[in-house]
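Engineer: For reference, the structure I am asking about is given below.
No lab work stands behind these numbers, since they all come straight from the coordinates. Because the structure is predicted, anything quoted here is derived from the model rather than measured. Here the Cβ positions follow ideal geometry from the backbone for every residue, glycine too, while neighbour counts run over all protein chains shown.
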Amino acid sequence: MLKIQRSANGEVVFRLSGRIDAENMAELERLIKTEANGRPIALDLKDLMLVNREAVSFLDRCEMESITLKNCPAYIREWITRERRKT
């Protein structure tokens, strides 16, 4: 289960807690697209507990699209880095 909390103060921040799966990624992607008004977007991953390979790929794509990953747990950062090296 993934909980998404939105806040905005200059930038839009989606605070994620729980775990990301394919269903949650689609919802999160939809929410991000609704913010397409030029404001910076960040994902706060402080309370994110579990991700799978698809979620890591999604987070990597987000970062490539200038979405900031705040409070990214070390294991997720390492996984993103390893996946980037493969390509």
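Engineer: Per residue Cα convex hull volume for the chain, in cubic angstrom?
Structural biologist: For the chain, the hull spanned by Cα atoms encloses 86 Å³ per residue.
Engineer: Okay, next question. For Asn9 and Leu50, what is the calculated FRET efficiency with R₀ set at 30 Å and r taken between the beta-carbons, to the nearest 0.05?
Structural biologist: 0.60
Engineer: What net charge do the residues around Glu83 carry, taking every other residue with its C-beta under 13 Å from that of Glu83, with Lys and Arg at +1 and Asp and Glu at -1?
Structural biologist: In short, +3.
Engineer: While we're on this one: In the chain, what chymotrypsin sites (Phe, Trp or Tyr not before Pro) fall in a loop by DSSP, with at most 15 other Cβ atoms inside 10 Å?
Structural biologist: none
Engineer: Tilt of helix 53-64 relative to the longest C-alpha principal axis of the chain, in degrees (0 to 90, nearest 10)?
Structural biologist: Helix 53-64 and the main axis of the chain meet at about 50 degrees.
Engineer: Between the helical axis of 22-34 and the dominant principal axis of the chain, each derived from Cα atoms, what acute angle in degrees is found, rounded to the nearest 10?
Structural biologist: So the helix axis and the longest Cα principal axis differ by about 40 degrees.
Engineer: Name the long-range amide H neighbours of Leu2: under 5 Å, sequence gap of 5 or more, or other chain; modelled H, no Pro or chain starts.
Structural biologist: HN-HN under 5 Å from Leu2: Arg19.
Engineer: Ordered by residue, what ³J(HN,Hα) values in Hz, to whole numbers, does region 65-76 give under the Karplus form 6.51 cos²θ - 1.76 cosθ + 1.60, where θ = phi - 60° and Gly and Pro are x?
Structural biologist: Residue by residue, region 65-76 yields 9, 6, 8, 7, 9, 8, 6, 6, x, 4, 5, 6 Hz.
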